[in-house]
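The values are calculated or read from the model by the stated rules, or taken from the named source; none is laboratory data. Given the structure is predicted, the values throughout are model-derived calculations rather than measurements. All Cβ positions, even for glycine, are placed from backbone atoms using ideal geometry, and neighbour counts span all protein chains on display.
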Amino acid sequence: MMRNRTAVIGAGVAGLSSAVELLQAGHQVVLIEQTRSCGGRARSFCWSEAGCHVDTGPHLMMGCYQNFRWLLNAAGTTLPLQKRFTVELLGRHGEKIVFAGATKRPELALLRAQGLGILDKWGLIRGLMKASHLQNTTYVEEWLSALHQPPLARHAFWDPFVTAVLNQSPATGLSRQLITVLHHAFLDSDADPRLSISDRCLDELYVQPVVDLIRRLGCEVILGDGVVSLEDNAHGLIRAAITRHGHHIEAESYIIAVPPDALQQLLPASFIPCFRPSPIVSVHALLADAPFFPPGTFMGLLDSPFHWVFSRSVGNRCLLSLLTSHAQKLAGLSPDEITSAARDTLSTFFPGFHPHNILSIISIKERKATYQLTSPGQPFEIAGMPDNAFIAGDWIEPNYPCTIESAALSGRRAAMAVIKHGSDNH
Ligand SMILES: Cc1cc2nc3c(=O)[nH]c(=O)nc-3n(C[C@H](O)[C@H](O)[C@H](O)COP(=O)(O)OP(=O)(O)OC[C@H]3O[C@@H](n4cnc5c(N)ncnc54)[C@H](O)[C@@H]3O)c2cc1C
């Protein structure tokens with residue numbers, strides 16, 4: 001057994017965060033990733049037809065993503081954030097609802113919303129203030145009904161907010177996860193709902209800087225060779241991770257930072273709760289320019305098959321990205337049907353848009369974008385794990401939705417557990 005050496009399996013945000021935490025504590029790390037690149041579900045790829053890099057889907061991050069921001073800081077970079085929290089939602093007939101709040105009192109964004117009546121705003125604030133008192137509900141729908149939210153408050157705030165942060169509808173999203181986000185974004189003393197509007201793709205924003213950092217710190221990075229099994233020793237500990245190419249990777253501890261279905265394959269004898277995946281569908285459209293929607297902008301679309309549209313510049317051209325969370329309907333369509341729905345959406349919401357201005361267009365279905373417990377009422381328990389195995393991943397924090405932040409948090413926690421385990425046993 002190699003003292004103070006940890007094998008981290010999976011190089012998504014969770015695995016990368018574990019690796020950084022361990023390397024900074026002086027541990028040796030080998031990071032094993034089955035694909036040829038790092039970043040997992042939050043990564044970029046080369047869209048060769050358009051000659052640019054795009055993300056698996058546009059990612060929105062918030063100022064309250066403290067663990068993800070820690071990861072960026074460690075890599076010498078920062079999350080570009082709005083100066084103050086602002087979200088614009090556009091209706092089919094050009095009507096606008098705008099939430100804009102002061103940094104010190106973010107919850108006031110709800111009270112100052114433009115386009116909502118006083119009863120809607122009051123309903124929103126009342127809902128926010130009562131957030132913590134209604135934790136005995138299971139689903140957001142029950143929670144919202146108990147709060148008697150006015151219809152427009154639901155339509156213009158709760159429904160888009162819940163679908164975006166939980167990647168679930170109010171009927172299927174868990175109220176305890178929503179309440180965690182409300183606390184971090186609006187209610188805690190250090191709450192920060194400001195959104196990150198990055199002009200860079202995810203590879204440039206965090207993947208490459210973090211991979212450069214861990215390599216500088218001496219991490220061995222194995223790409224394109226996944227772990228297919230874990231070999232036990234006589235004491236029920238993991239002795240080696242066996243890769244598809246037949247390598248035996250030995251370490252003292254193993255952090256397994258993969259989605260729940262992949263974990264169950266590696267540890268068939270362990271009990272892992274059942275999860276259901278939820279899809280996200282996005283479309284990227286490259287235009288020569290888009291004066292009707294300038295780069296650096298994003299907007300919510302009401303009553304639309306696509307929920308959000310983002311714009312960023314790519315060289316001297318403009319990339320418009322449309323995204324739908326909890327996208328069961330869109331995920332059932334063909335790529336041509338999805339891109340056609342995207343063209344129709346842009347034509348409906350932006351009179352200045354002409355479909356023939358599109359230079360290239362691509363749709364992406366991420367069927368397993370996030371995971372949701374199938375039996376949320378039961379205690380969350382992972383049992384039968386070897387003593388030197390530690391789990392990380394966005395899905396293992398039951399009070400958090402699956403996000404970049406919960407992935408970073410879980411990765412750091414797993415690394416700290418490894419460090420403690422090492423110091424307890426030596
Ligand atoms: C389209 C889309 C949009 C999203 N939008 C947002 C957003 O706006 N805001 C937000 O916060 N979150 C968003 N998310 C969610 C966010 O991307 C995830 O929560 C986060 O990236 C999960 O990170 P992870 O490290 O836990 O898991 P993953 O990213 O899934 O990483 C696991 C890694 O393990 C590797 N792996 C699996 N099995 C093995 C094996 N046997 N051996 C070796 N390697 C293995 C995988 O290849 C993968 O690289 C979005 C996700 C998608 C797909």
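See the values below:
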{"read-out": "Members of region 298-348 found to be without any contact (Cβ under 8 Å) to a residue 24 or more places away in the chain and either within 23 Å of the chain's Cα centre (by Cα) or crowded, with 23+ Cβ neighbours inside 10 Å (or both), listed by number", "value": "Ser311, Gly332"}
{"read-out": "Count of residues meeting criterion [buried (at least 22 other Cβ atoms within 10 Å of the Cβ) and either within 30 Å of Val314 (Cα to Cα) or charged (D, E, K, R) (or both)] in region 370-411", "value": "9"}
{"read-out": "Set Ser132, Ser145, Ser175: member being without any contact (Cβ under 8 Å) to a residue 24 or more places away in the chain, farther than 29 Å from Pro294 by Cα and either out of contact with any Cys (no Cβ under 6 Å at 6 or more places or on another chain) or not polar (S, T, N, Q) (or both)", "value": "Ser145"}
{"read-out": "Failed condition for Gly384, given (1) of a type outside the set (Lys, Arg); (2) in contact (Cβ under 8 Å) with a residue 40 or more places away in the chain; (3) at negative phi", "value": "(3)"}
{"read-out": "Breaking point among (1) of a type outside the set (Asp, Glu); (2) out of contact with any Ser or Thr (no Cβ under 6 Å at 6 or more places or on another chain); (3) surrounded by 15 or more Cβ atoms within 10 Å (Cβ to Cβ), for Ala100", "value": "(2)"}
{"read-out": "Looking only at region 243-270, and only at residues there that are of a type in the set (Asp, Glu) and more than 12 Å from the ligand (Cβ to nearest atom), the one that is surrounded by the fewest Cβ atoms within 10 Å (Cβ to Cβ)", "value": "Glu250"}
{"read-out": "Helices (runs of 4 or more DSSP H) lying entirely in region 104-147 (those with 1 or more residues that are of a type in the set (Val, Ile, Thr))", "value": "118-129, 140-146"}
{"read-out": "Residue in region 51-72 that is aromatic (Phe, Trp, Tyr) and in contact with a strand residue (DSSP E or B) (Cβ under 7 Å, 6 or more places away or on another chain) present", "value": "no"}
{"read-out": "Members of region 182-239 found to be acidic (Asp, Glu) and either more than 22 Å from Pro259 (Cα to Cα) or surrounded by fewer than 19 Cβ atoms within 10 Å (Cβ to Cβ) (or both), listed by number", "value": "Asp188, Asp190, Asp192, Asp199, Glu204, Asp212, Glu220, Asp225, Glu231, Asp232"}
{"read-out": "Single residue of Gly51, Gly57, Gly26 found to be away from the ligand (no atom under 11 Å from the Cβ) and modelled with pLDDT under 95", "value": "Gly51"}
{"read-out": "Test: residue in region 83-94 that is free of Cβ contacts under 8 Å to residues at least 24 places away in the same chain, within 19 Å of the chain's Cα centre (by Cα) and within 23 Å of Phe310 (Cα to Cα)", "value": "no"}
{"read-out": "In region 1-23, residue farthest from Glu204 (Cα to Cα) [restricted to those that are polar (S, T, N, Q) and within 16 Å of the ligand (Cβ to nearest atom)]", "value": "Thr6"}
{"read-out": "Boolean, Val228 is of a type in the set (Val, Ile, Thr) and touching a Gly at 6+ places or on another chain (Cβ under 6 Å)", "value": "no"}
{"read-out": "Sole residue being more than 19 Å from Thr6 (Cα to Cα) and free of Cβ contacts under 8 Å to residues at least 12 places away in the same chain, chosen from Ser189, Ser196", "value": "Ser189"}
{"read-out": "Subset of region 368-407 that is assigned to a strand (DSSP E or B) and under 13 Å from Pro259 (Cα atoms) - its residue that is farthest from the ligand (Cβ to nearest atom)", "value": "Leu373"}
{"read-out": "Top-ranked residue of region 280-312 - restricted to ones that are closer than 12 Å to Pro58 by Cα and small (Gly, Ala, Ser), ranked as modelled with the highest pLDDT", "value": "Ser282"}
{"read-out": "Flag if Ser360 is surrounded by fewer than 16 Cβ atoms within 10 Å (Cβ to Cβ) and more than 16 Å from the ligand (Cβ to nearest atom)", "value": "no"}
{"read-out": "Region 95-139: number of residues that are basic (Lys, Arg) and closer than 18 Å to Trp308 by Cα", "value": "1"}
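Results for (1) farther than 26 Å from Tyr371 by Cβ; (2) in contact (Cβ under 8 Å) with a residue 40 or more places away in the chain; (3) in the same structural domain as Leu322 (by TED's automatic domain parsing); (4) touching a helix residue (DSSP H, G or I) at 6+ places or on another chain (Cβ under 7 Å), shown as yes or no for each residue.
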| site | (1), (2), (3), (4) |
| --- | --- |
| Arg112 | yes, no, no, no |
| Lys121 | yes, no, no, yes |
| Val140 | no, no, no, yes |
| Leu152 | yes, no, no, yes |
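Quick grid of which residues meet (1) touching an Asp or Glu at 6+ places or on another chain (Cβ under 9 Å); (2) among the acidic types (Asp, Glu):
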residue: Ser270; (1), (2): no, no
residue: Arg276; (1), (2): no, no
residue: Pro279; (1), (2): yes, no
residue: Ala285; (1), (2): no, no
residue: Asp289; (1), (2): no, yes
residue: Phe292; (1), (2): no, no
residue: Asp303; (1), (2): no, yes
residue: Trp308; (1), (2): no, no
residue: Leu320; (1), (2): no, no
